[in-house]
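Asker: Quick one: structure below, then a few questions.
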Amino acid sequence: MNLPITEGAVLLPGFAAAMGADVMAGVQAVIQQAPFRHMTVPGGHKMSVAMSNCGRAGWVSDGNGYRYDARDPETGRPWPPMQPCFFDLARDAAARAGYPDFTPDACLINCYAQGARMSLHQDRDEQDFTAPIVSVSLGAAAIFLFGGLKRGGKPRRIRLEHGDVVVWGGPARLAYHGIAPLRQGDTRYNLTFRKAL
Ligand code: MD3
Ligand code: FE
């Protein structure tokens, strides 16, 4: 089932549910080498979401700003390689949404515990905005906030469940978005696949 959210954004409900255990095993393999950490944002605060990465590039934030880096700044080592099952999942989802040539080189892994949130932001640290972003939600459900192309106004609220995949391309690629504070005691994981380089 393909549900359009807005021009360029497609929700594939439950698309990753059958592979959820494989993907979670991949997450465990990644965080064994590159543990989850709360990155510092330029204002000096630490993010409530814990993060790690795999792939040729990983998204990094520190006191100086945001960037993609080939190495984990905590260890100085390259990020763990893109898990093959991650790559296949992202490619299949993108193809289903109308992007047959998506080749992600970065996977940001977000871990939300109770109370963790992500305020409205744009993803614009990537080189090429013509490539979509594929997001995969696992674990506890969350309220996704969709704010459109400009700041301000009331964001739409969309519940993302375990196994839901959303492909964000075209005019939706630079939309403001976020995650409302997690209420349940459970844990939520989100993987975003990006063409960063
Ligand atoms: C819309 N992650 O990692 S996924 C992020 O659930 C991020 O962890 C959220 O925002 C999460 O940057 C939201 C949905 C999502 C991801 C990327 C997008 C929506 C997007 C990029 C452009 C527009
Ligand atoms: Fe984002």
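Every number here is computed from the coordinates shown, using simple stated rules; none is lab data. The model shown is predicted, which means the values in this text are computed figures rather than measured ones. All Cβ positions, glycine included, derive from the backbone under ideal geometry; neighbour counts span all protein chains shown.
Asker: Here are the criteria: (1) among the hydroxyl-bearing types (Ser, Thr, Tyr); (2) surrounded by 13 or more Cβ atoms within 10 Å (Cβ to Cβ); (3) out of contact with any Lys or Arg (no Cβ under 8 Å at 6 or more places or on another chain). Tell me which single one THR75 does not satisfy.
Answerer: Of the numbered conditions (1) among the hydroxyl-bearing types (Ser, Thr, Tyr); (2) surrounded by 13 or more Cβ atoms within 10 Å (Cβ to Cβ); (3) out of contact with any Lys or Arg (no Cβ under 8 Å at 6 or more places or on another chain), the odd one out for THR75 is (2).
Asker: Additional query: Restricting the search to region 115-130, which residues are more than 12 Å from ligand 2 (Cβ to nearest atom) and closer than 21 Å to ASP105 by Cα?
Answerer: GLN127, ASP128, PHE129, THR130
Asker: Among ALA116, ALA18, which is part of a loop (DSSP other than H, G, I, E, B) and surrounded by fewer than 20 Cβ atoms within 10 Å (Cβ to Cβ)?
Answerer: Of ALA116, ALA18, the one residue that is part of a loop (DSSP other than H, G, I, E, B) and surrounded by fewer than 20 Cβ atoms within 10 Å (Cβ to Cβ) is ALA116.
Asker: Take TYR176 and decide whether it is in contact with a Leu (Cβ under 8 Å, 6 or more places away or on another chain), closer than 23 Å to GLY65 by Cα and surrounded by 21 or more Cβ atoms within 10 Å (Cβ to Cβ).
Answerer: For TYR176, the condition - in contact with a Leu (Cβ under 8 Å, 6 or more places away or on another chain), closer than 23 Å to GLY65 by Cα and surrounded by 21 or more Cβ atoms within 10 Å (Cβ to Cβ) - is not met.
Asker: Can I ask one more? Among the residues in region 59-79, are any in contact (Cβ under 8 Å) with a residue 60 or more places away in the chain and farther than 20 Å from ASP105 by Cα?
Answerer: no
Asker: Now a separate question. Are there any pairs with C-beta distances below 6 angstrom linking a residue in region 99-124 that is closer than 17 Å to VAL166 by Cα to a residue that is of a type in the set (Lys, Arg) and more than 13 Å from ligand 2 (Cβ to nearest atom), with the two at least 6 apart or on different chains, and if so which?
Answerer: That search, which allows pairs on different chains as well, returns PHE102/ARG91; PRO104/LYS195.
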